[in-house]
């Protein structure tokens, strides 16, 4: 039986690599996106992976979208909560809007994504919940009080869901990427990138595919006893 995997923010960056990897592993993959219609259409045309547009910060939109996915592709067995945004500013300059936007997408958006799927996983006695957190949720970061708070909160969600879902055959785990060579990171000035790499003992940025391989493991039957864990993928930049 082919299992269905939902990847939020799954047509670009780390999410794109995750979608491609799970597709290559034989899962039926569906990906969500928030706004870039052109990129999503090109991604679907190239990979055959269906894309759906909704805002994870909106519970009703998420529930409606998930219902459509399950009607068209079958029950969702694996959910990868990857969608996220940044609205960086030093705390004394951070606006309530910048705080709320990030909380709504990166933290509430994880609830909105998992909550409609959770009852079906409990009923079927199987599920894989994988949340993409961040190194900055583990150690904090200048000008990212909002972002760090959400990514730390995501770890609390995972640890709690792991305890609730274990007897129902559901695992919940998190991955905390360090600095990854995504389009966003590669767009920063070269001197800034060099400074970032200088803080990484591995001496390089990570690759999106390295995160995707971790997701594929956590989604597999081999990871059935891995529950409530956080995998740090950061080139030895930070240890917990």
Any chance residue 178 is surrounded by 19 or more Cβ atoms within 10 Å (Cβ to Cβ), in contact with a strand residue (DSSP E or B) (Cβ under 7 Å, 6 or more places away or on another chain) and closer than 20 Å to residue 140 by Cα: yes
Looking only at residues that are more than 15 Å from the chain's Cα centre (by Cα) and touching a residue at least 60 places away in the same chain (Cβ under 8 Å) in region 230-240, which one is farthest from residue 14 (Cα to Cα)? 240
State which residue is farthest from residue 89 (Cα to Cα) when the search covers only region 138-152 and only residues that are surrounded by fewer than 19 Cβ atoms within 10 Å (Cβ to Cβ) and within 16 Å of the chain's Cα centre (by Cα). 152
Scope region 77-98; condition part of a helix (DSSP H, G or I) and crowded, with 17+ Cβ neighbours inside 10 Å; matching residues: 98
Across region 23-48, what is the total count of residues that are in contact with a helix residue (DSSP H, G or I) (Cβ under 6 Å, 6 or more places away or on another chain), crowded, with 21+ Cβ neighbours inside 10 Å and under 21 Å from residue 75 (Cβ atoms)? 3
When (1) in contact with a helix residue (DSSP H, G or I) (Cβ under 8 Å, 6 or more places away or on another chain); (2) assigned to a helix (DSSP H, G or I) are applied to residue 171, the one that fails is (2)
Residue tally, condition within 18 Å of the chain's Cα centre (by Cα) and either farther than 21 Å from residue 83 by Cβ or touching a residue at least 40 places away in the same chain (Cβ under 8 Å) (or both), over region 170-206: 14
A careful count of residues in region 181-240 that are part of a loop (DSSP other than H, G, I, E, B), over 22 Å from residue 142 (Cβ atoms) and modelled with pLDDT under 95 gives 0
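Can you confirm whether residue 22 is in a strand (DSSP E or B), closer than 23 Å to residue 213 by Cβ and either in contact with a strand residue (DSSP E or B) (Cβ under 8 Å, 6 or more places away or on another chain) or free of Cβ contacts under 8 Å to residues at least 60 places away in the same chain (or both)?
No.
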Among the residues of region 44-65, write down those that are under 17 Å from residue 27 (Cα atoms), touching a strand residue (DSSP E or B) at 6+ places or on another chain (Cβ under 8 Å) and part of a helix (DSSP H, G or I). 44
Residues that are assigned to a helix (DSSP H, G or I), closer than 25 Å to residue 169 by Cα and touching a residue at least 24 places away in the same chain (Cβ under 8 Å), drawn from region 123-150: 124
Would you say residue 90 is touching a helix residue (DSSP H, G or I) at 6+ places or on another chain (Cβ under 9 Å), farther than 30 Å from residue 148 by Cα and in contact (Cβ under 8 Å) with a residue 40 or more places away in the chain? no
Can you find even one residue in region 8-18 that is surrounded by fewer than 17 Cβ atoms within 10 Å (Cβ to Cβ) and either over 18 Å from the mean Cα position of the chain (by Cα) or in a loop (DSSP other than H, G, I, E, B) (or both)? no
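The values are calculated or read from the model by the stated rules, or taken from the named source; none is laboratory data. Being a predicted model, the structure only gives us computed values, none of them experimental. Reconstructed Cβ throughout: ideal geometry from the backbone, glycine too, with neighbour counts over all protein chains shown.
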